[in-house]
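Let me begin by presenting the structure, written as structure tokens, before commenting on it.
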Amino acid sequence: MGISAGRTAAEMLALARQLGPLLDGEARQGELEAAVTAKAAEALSNAGFLRIQVPKSFGGDQLAYVAVLKIFEELARADGSVAWLLRALVQHAGLFSTLLPDSGAKALFAEPAKTPAIAGMPAPLGKAERVEGGYEWVGRYGFASGSTCATHFTAGALVVEGGEPVLADNGEPLAVCAVIPREDVRELGNWEVYGMEATASIDYEIGPLFVSDDFVVPLTPFPTRLAREGSPSFKLGPKIALPTGHSAIMLGLAQRALEEVALLAPSRRRLGMPSALSDQSLFRHDLVLRHAELTAVRELFYVRMTDAEESVTGDKPGPLDAVRSDRCTQVARHLHDVAIRCVNFAHEWAGSSALRRGTIGRVWKNANAANTHAVLDRNNLVDAASTILEELATGAKHFMPATKSG
């Protein structure tokens, strides 16, 4: 199946929705295999989702980040594991096609039909010894979501010279991230989990291995200027792109949970109850509240993300300011809390139906697994409090008497 370049956000969102029944139908087998099924993987590959964040200069779609988030959300309604692994592969393809030197970017992304599927952990857990023309790389990594689909792996590392860490101009340890062919990676397994089983987020080792400068990008400090025009998410930086990518998936999972329990409600009668769930006052009351919470946080999330994206891509683009950054952090964590309430509500009211292999149980597992991710640590809210405290205190000062002079 050919993949045309420059597809629109509406086209790709419609394609994600069209694939929903197929992905949902394959989800159970994906859980059992602890990997996305061959049928689902082929459908995703044929759809060309890997190119939605690749620059148009390489035949990609270069979609706005908010549009990409809505695609992740829609895919998560069908299967959270598929959305999760695809988010990783999509964001890695976008990252490296945007930041790699021309030589490496052209080698990997010049042919649209051969876009690499890059799994792995970009965090600097390895060591990269500076040598002529590149780095001597060694490291052990985890959570390579999408590993069974991968043609390449990514790996982050701290840069060392003569065994000593190299510091960047700002005093931070210098870190880099590489793209490495799958055949140069030792896959270690270690993915026996409860939730997000089909992501196949295995452990792996690299090196000692020489990695050319052609396939390495700076990680910290993250570049303020991109090698070429690409997805706006990389102007937002990983601090925002990672938790908000996860947030879109949580929206899809929570929405599916409410949809499924609403579908079940007319026929589900719990022991001792005189009528079906759909006629129970407490169920109806709580369903309305959960739906309102989810609708409101979804609206807030996309308002915040649209504002952040426009601030780095508009008429006067610049780095994301602290206030917008903190608001994105705030809504990402709050969204996860709302989503978990929705999923737990559906799971509880479904009763024993949720214990059996089925959609509500799968969504509940996947959502609670996703909620444990480090990028959603609650300490991020503590860090975001400074600008919010200032904003609230400024509002209160409106009611204070003006200071008289003289």
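Read-outs: derived from the displayed coordinates by stated rules, not from any lab. Everything numeric in this text was worked out from a predicted model, so none of it was measured. Because the Cβ atoms are built from the backbone with ideal geometry, glycine has one as well, and the counts that use them run over all protein chains shown.
Miscellaneous remarks
- Among Val382, Val303, the order by Cβ neighbours within 10 angstrom, fewest to most, reads Val382, Val303.
- The slack between Arg17 and Lys114, meaning 0.36 nm per residue of separation minus the straight C-alpha distance, is 32.5 nm.
- Among the GluC sites (Glu not before Pro) in segment 119-170, those located in a DSSP loop and surrounded by at most 12 other Cβ atoms within 10 Å of their own Cβ are Glu132.
- For the chain, relative contact order (Cα pairs under 8 Å, six or more residues apart, normalised by length) works out to 16 percent.
- Principal axis dimensions, segment 118-220 - Cα atoms, whole angstrom, descending: 42, 26, 19
- Pairs from Lys56/Lys239; Lys106/Lys235; Lys70/Lys127; Lys56/Lys235 whose Cα-Cα separation, in the structure shown, is over 27 Å: Lys70/Lys127
- Projected label distance in nm at Thr151 and Leu282, using a 7 Å step from Cα toward the beta-carbon: 5.5
- Proxy reagent accessibility, fewest Cβ within 10 Å first, across Ile360, Ile118: Ile360, Ile118
- Placing a pseudo-label 7 Å from each Cα along the Cα-to-Cβ vector at Glu172 and Leu300 gives an inter-label distance of 2.8 nm.
- Segment Glu192-Arg130, length gained on full extension (0.36 nm per residue, minus Cα span): 18.7 nm
- Fully extending the segment from Ala10 to Lys239, taken as 0.36 nm per residue of separation minus the present Cα-Cα distance, adds 79.7 nm.
- Zero-based 5 Å bins, Cα pair distances in segment 251-331, whole percents: 3, 13, 17, 15, 12, 9, 9, 7, 6, 5, 3, 1, 0
- Helical content alone sets the calculated 222 nm signal of the chain at -17000 deg cm²/dmol, taking -39,500 (n - 2.57) per DSSP H segment of four or more residues and averaging over every residue.
- A compact globular protein would have a Cα radius of gyration near 2.2 N^0.38 Å; the ratio found for the chain is 1.05.
- Neighbourhood charge, 13 Å Cβ-Cβ cut-off, centred on Glu132 and excluding it, Lys, Arg +1 and Asp, Glu -1: -3
- In terms of Cα atoms, the Rg and Dmax of segment 308-406 work out to 20.8, 77 Å.
- Dimensions of segment 233-396 along the principal axes, based on C-alpha atoms and rounded to the nearest Å, stand at 60, 37, 30, largest first.
- By average C-beta atoms within 10 angstrom, highest first, the peptides 143-154, 254-265, 368-379: 143-154, 254-265, 368-379
- Within segment 9-113, all pairs of alpha-carbon atoms sorted by distance into 10 Å bins from zero give the percentages 15, 47, 29, 9, 0.
- Taking Lys and Arg as +1 and Asp and Glu as -1, the other residues whose beta-carbon sits under 14 Å from that of Leu287 total -2.
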